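S.K.: There's a structure below that I have some questions on.
All of the numbers you see were taken from the coordinates with simple rules; none came from a lab. Keep in mind that this is a model prediction, so the values were computed, not measured. Backbone-built Cβ (ideal geometry, glycine too); neighbour counts: all protein chains shown.
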Amino acid sequence: MSLLSAPSARSALPAGPRRPALDVHQLSALTRSIAARPELWQPLVRFQESGRWWTRLDAPAGVDVWLITWLPAQGTELHDHGDSSAAFTIAGGTVTEIRPAVDGRLVPQELTAGRTQTVEPHDLHDVLNAGTEPAVTIHAYSVPLTRMTYWSRTDDGVLVPARTVVTDEPESNA
Ligand SMILES: [Fe+2]
């Protein structure tokens, strides 16, 4: 995670013309196309025991693309991506995505390699590797991620915002 106080490469760039954001359909086409070209990401894959590992990939203006790796039991928490649209494609292995149903129940769905999911701005989800094999995913955000809100569930099953993190890195837990 990078806090606002941490200078990022982006902040050092001169302000250019603002590019229109991509929608979830355009983002899903992008993550699918990258996942289908393992030469773009496979040589970069690393895993770390301390938590999910990620690195930024080349991306069009106005989009952030990240390669994320997940060892078994590694995951996020229930969160949204603020104003960013997002999509992710499972490039290897299997992850489980959890989304709240209309009645507040949290519904898990297993996603195997090749599957792509979209996440609209302010939608909630959680992703984890609930399996026994490592997993690799390709994520795209537009506008680039700037803040994530983490949500918790009360004893009554009501989802409430727990904390908001300013970040330009994906799926951070801090
Ligand atoms: Fe997410």
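S.K.: Can you tell me how many residues in region 67-85 are within 12 Å of the ligand (Cβ to nearest atom) and within 17 Å of D126 (Cβ to Cβ)?
M.R.: Within region 67-85, residues that are within 12 Å of the ligand (Cβ to nearest atom) and within 17 Å of D126 (Cβ to Cβ) number 10.
S.K.: Could you tell me whether any residue of region 142-150 is of a type in the set (S, T, Y), within 12 Å of the ligand (Cβ to nearest atom) and either surrounded by 15 or more Cβ atoms within 10 Å (Cβ to Cβ) or within 12 Å of the chain's Cα centre (by Cα) (or both)?
M.R.: yes
S.K.: Taking G51, is it on the phi > 0 side of the Ramachandran plot, within 11 Å of the ligand (Cβ to nearest atom) and surrounded by fewer than 21 Cβ atoms within 10 Å (Cβ to Cβ)?
M.R.: no
S.K.: I'm told F88 meets every condition in (1) away from the ligand (no atom under 16 Å from the Cβ); (2) surrounded by 14 or more Cβ atoms within 10 Å (Cβ to Cβ); (3) not in a loop (DSSP other than H, G, I, E, B) except one. Can you identify the failing condition by its number?
M.R.: (1)
S.K.: Show the residue pairs that are 6+ apart or on different chains and have beta-carbon atoms under 6 Å apart, the first residue being within region 116-132 and over 14 Å from I68 (Cβ atoms) and more than 9 Å from the ligand (Cβ to nearest atom), the second being assigned to a loop (DSSP other than H, G, I, E, B) and basic (K, R).
M.R.: Nothing qualifies.
S.K.: Among the numbered criteria (1) touching a strand residue (DSSP E or B) at 6+ places or on another chain (Cβ under 7 Å); (2) part of a loop (DSSP other than H, G, I, E, B); (3) hydrophobic (A, V, I, L, M, F, W, C), which single criterion is violated by L27?
M.R.: Among (1) touching a strand residue (DSSP E or B) at 6+ places or on another chain (Cβ under 7 Å); (2) part of a loop (DSSP other than H, G, I, E, B); (3) hydrophobic (A, V, I, L, M, F, W, C), L27 violates only (2).
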